[in-house]
Every structure is written in C-alpha cells, then in structure tokens.
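Input: a single structure, listed below in structure tokens.
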Amino acid sequence: AGVVAGIAHYGNAFGVATVGGEVAFDDAYALNPLVNAFALGLVRHDQIFFGKATGIGNPVLYVGAKTGRDGIHGATMASAEFDEEALEKRPTVQVGDPFLEKLLLEACLEAMRSGAVAGIQDMGAAGLTSSSCEMAARAGTGIELDLSLVPQREQNMTAYEMLLSESQERMLVVAHAGREREVVDIFRKWDLDAVVIGRVRDTQRMQVIHNGETVADIPVEALTDEAPRYERPMQSTDYTDSTKQSTKFKEPSSYTEALRTLLASGNIASKQWVYRQYDHMVRTNTAILPGADAAVVRIKETRRALAMTLDGNGRYCAANPREGTKLVVAEAARNVVCVGARPIAITNCLNFASPERPEVMWSFSEVIDGMAEACRAFDTPVVSGNVSFYNETEGRGILPTPVIGMVGLMEDVRRVITPGFKKSGDVIALLGTTHDDLANSEYAVSVGGVTTAEIVASGMVPQLDLERELAVQQTCLEAAEAGLLLSAHDCADGGLAVALAESCFSSLGKEAIGAEVDLKGTINATAQLFSESPSRIVISFEPAALESIRQIAAAHNVPFEILGAVGGTQLKMGFDGKELITAEVADLESTWRNALYRSLKAEALVTS
C-alpha cells in the first residue's frame, strides 16, 4: 500500500501517465520489497543530449534544488546487507518533490532548445561525485569544481557531504562558453537555482576545491573505467536439472473452485486496486487502459504507437536462472505482441541478494547469459539497465529477480488489439501447444500447496523453445497487422483456464460475456487447464477469418487449435467431452477483481 501511494503521489503530481506495471508477491520479498520504475520518453534523434563534459573551458553549472544532507551514503546503504545494527544507521531517505521536478524538467528542455547546452546529466547515486566524474570520463576531459558555490539549504555542510548528498531534483549542466548567462536566466525564470560551479579542463582529473582549499584531486578514470573489477567466486546451485520431469498433482475436488482460488491469488488477481490510484490518461496519449498484456501510448501527429510491458518471475529464475530469464524475456515480448506491436528493445533491472555469496554471483551471471540469448533470438537490443545487489536482511535474501521492460512499435494504432472477447459467435483458438508444465506454477503454489523452497530445490521450469516462441509471436503479429484478430491474450500465470477467464471479463464497462471450450490432448486435465507452458496465445476472431489465420499459422509451422466459441454468461471448459469447469463469468470476475482489495483490507484490520 505504501509503494502504491508513493508512485501515485509522484506520478500524478508530476504529470506523467502511469500506464501499466507488474505486481508480484512472495515471502522472499517480505523484508526487501522491490520497486523497479521504468520511464519511457520520446526524443527526436537529431536532438539527443549526452552526459558529456565536452569543450575545454566550458562552464559547469549546478541547476535545480538546493543541496541538503538527505541521502548521504544512500548508494552505499543500498550496497549493504541489513541487520539490526544497519537498520539503526539508515540515513534519512531523500524526499522527492514532484512539483519541483516538473519545473526542472521544463527548464532543462527549454535550455536544451536554446542551443546553449553542451552536456547534461542528473545527479543520482553518489550525487555530484558520480555525475561530474562520469561526464568527464565520457568526454575524455577533466573537471574542476568549487563546492563553495554550490547552493545549500543547510548550514556548515562539509565538502564530503556536498559531494555525496543525494538530494533530489538536481542536474549538472555543461554550457557552451559565453552562453552560461542564457542557461542561468532560463532556470531562474522557473524559480530554480543555477550557478556556475566549475569548468571543463584538459587534465583528465577531477579536482575539487572548497573554501579555497583543494580537497580532492584524482584521475577521472580511477573513478570510472579503471575502477576495481570484481572477480567474485561463483558456485552453481545444486538442483536437479529436470525440466523434463513434472510433479504429479492429485485432481482437485472441483476444477471450478481451483480456478476460483487461482483468480483470487495475489499474483493473478486484478490489479485494479493499484492502477485506479494512478493517472493513466494525462496528456491523452494512452490507447489501452491498464489491465491489458501491455500498455499502448500513441505518438501524436503520427499513426504510430509504442507498446510497453514489465515482466518478472523470481520463482522461475530461482529454480533455473538462465532458463527462467529466457522465459521472462519471452513473456515480455509475447505481451507486446498481444496488443499488436513488434518488440524492438528491452531495458532491465536485475535484483539480487549479496554477490559475495558464490551461488548469488553464479545466478547473476546465468541471468545475464539467459537474457542475452533470448534477446538475440527476438532481435531486441538491451539498450539500458540497472543492477540492485545486497537485497537481503539478517541473512535472508530475495529470489534472483530480473525485471524486463520490453518496448514494441505499432505502425498503425488503429490496429491495436484491445483485451477481452468481443461478441457471441466469435471463434476462440490457441496458438501453440500445452505441455505438462505444472511443477513451477501458480497452481502448484496456490492449489497444490508446494512451497517456493521446494520448487527452487527441484530446478524445474517450463520448457522454452525460442524458435517456437518466435514463430508463435510472428503468427499473432501477422494476423493482427492484417486486421484479423479481435483479441489476443498470452497464457502465463495460471495457464489456459486463467487466460480464458480473463478474456471473458477484460471488457470493462460491458456485460460479462462467456465462452464454451472443449480441450483435447494426451496430458491430463489438470495440466491442460493450469499448465504454464510458454509460447501460447489465446486468440479470438470472426468465423470468416478462420481460414486466413489457419494459413498464417501453417506458414510459420505453428500449432493452431480451435478451442470453442464466445457466448452466453458462463465459462464452460471441458476435456475430451467431460465438463470440468462451469461458472458464471460475473461471479468469477467479482472474485478476480476484488481479491486484492479484500486481502489488503483484512491485513489492515489485523495490523491495527
């Protein structure tokens, strides 16, 4: 609840739409909740500014909010394991001001448009220290700073404190010589500080002066490219490499109740309680409301649109970090495809426990290798990223959790595929094949009673064939671009039964619409319904489009199976003619839509 409120406060006040996200629950994160933020912006390719301190003699300007003592050692705190003593020494967390950030954003853009800016970078981790030495390193220059000139909001700050403060809403700007007054005037117009605090030098050194005294003089490269390289020991986790094995589950007493249990689980239930607190329509570019497989934002003055999604699965990656990461990347690409966009690039945040543990360092290495392999298959370059280590408290670490942000391009936003079945009589089909991939699934945890520790020890994850995954995605994308699809939804957490149920009640504001399907295959009914085999997409379309879609699937050698049809008010699922699930869609939707709110309300009552 606190995380959601923080995102809502800053995003809503800042005026940037929060269009989508990912929420996952596991006890492993109880002491170290992860919050990964992904921001997407548009820039003209001929108007890109770099974080480089170019131009010998150019002035270096400090712009934005004043420097305080908040956030000092924030970066080192994030690189330490928490114990009782460390918890007592936590520094003050810097407090962001979204309104001030908005002023800073507008002032920076105006300064850039003026042509007076040669380089610019934000002050993030380690504040003024990292921004200055990184800008100099990228340009192959040196930098000289006089800390006596830095705007301060607290008295008697030392050079050490000013260099390491992580106060928010600050930038470092290198202006073209002779044009610093233009930059200063622009920022002061926006009620922001702007002060020349240094110069670009040809020394390849970072030189810092405070009250007339040199307090630091060090080669720039010693702080950047020539920083110590860690060669930490690695040890593979001792698990059974048994992706071909499966854990056998007893048939549930009621498949309908098993589905209801899954729909109410934290990782599957509707996240409406979360995104209803966010402004997702500001600037009116949002083409799909939150709750779809991916968010879609139109690019104004064109027919193009950008799709984006966040995906992560710590349980997969803990069981098998390389294969688990490939599954996460594949799902992210599949989510983008399901709205009709072509995957073009990824960013990431790689979250781990202490890298000083050999098994954690090994999983980190495996995650990177798995991500690289998957991205080569999808032709999606990794354009940026972030690494977060030491996520552990009192010796208990998080699961290895790579979070993948995938961006896709849609040539014509009018071809966007909105979620949910549309009307009675539409055909429901499955692209891909269902295998017995129950061992590491939401069903195993929520219904089968298997613990995360047991899953991790088994090493079992769903089997992924990257060539098949790519073929399924290309089939869906080609059908979408031809205007043949009415809906598309990937089969992921909870399997086919959950995907079909969510397709029945994704049409917000409309009456519930049902579906009747009959599954066939050689695996058992439980696996048919709840297996989490990758490379599967549930699609719906008008009967007249059937042959065209069948031909597209055949051209890509993709399995294509007619499951049933849309209609009625119930979800009916059978297997080889035997009815397994029958429920009113409205009842299932109520369970799914209200579960998270009810659990939070119950937790609030307990803690109070």
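The values are calculated or read from the model by the stated rules, or taken from the named source; none is laboratory data. All values derive from a computational prediction rather than experimental measurement. Backbone-built Cβ (ideal geometry, glycine too); neighbour counts: all protein chains shown. Side chains are part of the model used for accessible areas, which takes the heavy atoms of the whole protein and leaves out ligands, DNA and RNA. Shrake-Rupley method; radii C 1.70, N 1.55, O 1.52, S 1.80 Å.
Ligands, DNA and RNA left out, the accessible area of the chain computed with a 1.4 Å probe is 51% carbon and sulfur.
The residues of the range 458-597 present an accessible area of 37 Å² per residue when probed at 1.4 Å with all protein chains retained. For the range 313-392, the Stokes-Einstein estimate of translational diffusion at 25 °C and a viscosity of 0.890 mPa s comes to 188 µm²/s, using the Kirkwood hydrodynamic radius over alpha-carbon pairs.
The residues packed around K52, meaning those with a beta-carbon under 12 Å from its beta-carbon, carry a net charge of 0 if Lys and Arg are +1 and Asp and Glu are -1. For the range 363-386 versus the range 491-544, the inter-centroid distance based on Cα atoms is 29 Å. Protection proxy ranking for 318-327, 455-464, using the average of other Cβ atoms within 10 Å per residue and placing the highest first: 318-327, 455-464. Taking every protein chain into account, the 1.4 Å probe leaves H435 with about 90 Å² of accessible area, to the nearest ten. Under a Cβ-Cβ cut-off of 13 Å, what is the net charge of the residues other than A126 that fall near it, where Lys and Arg count +1 and Asp and Glu count -1? Within the 13 Å Cβ shell, the charges total -3.
Packing, taken as the mean count of other beta carbons within 10 Å per residue, orders the peptides 268-275, 559-566, 32-39, 486-493 from highest to lowest as 486-493, 268-275, 559-566, 32-39.
Using a cutoff of 8 angstrom between alpha carbon atoms and counting only pairs six or more residues apart, the relative contact order for the chain works out to 16 percent. For the residues R298, R334, R153, R113, a 1.4 Å probe over the protein chains yields an accessible-area ranking, largest first, of R113, R153, R298, R334. Taken over the Cα atoms of the range 431-496, the convex hull encloses 89 Å³ per residue. If you take the Cα centroid of the range 428-463 and the Cα centroid of the range 300-341, the two points sit 19 Å apart. When F530, F49 are compared by accessible area at a 1.4 angstrom probe, the order from most to least is F49, F530.
Solvent exposure of the range 97-177, expressed per residue, is 37 Å² of accessible area, with all protein chains present and a 1.4 angstrom probe.
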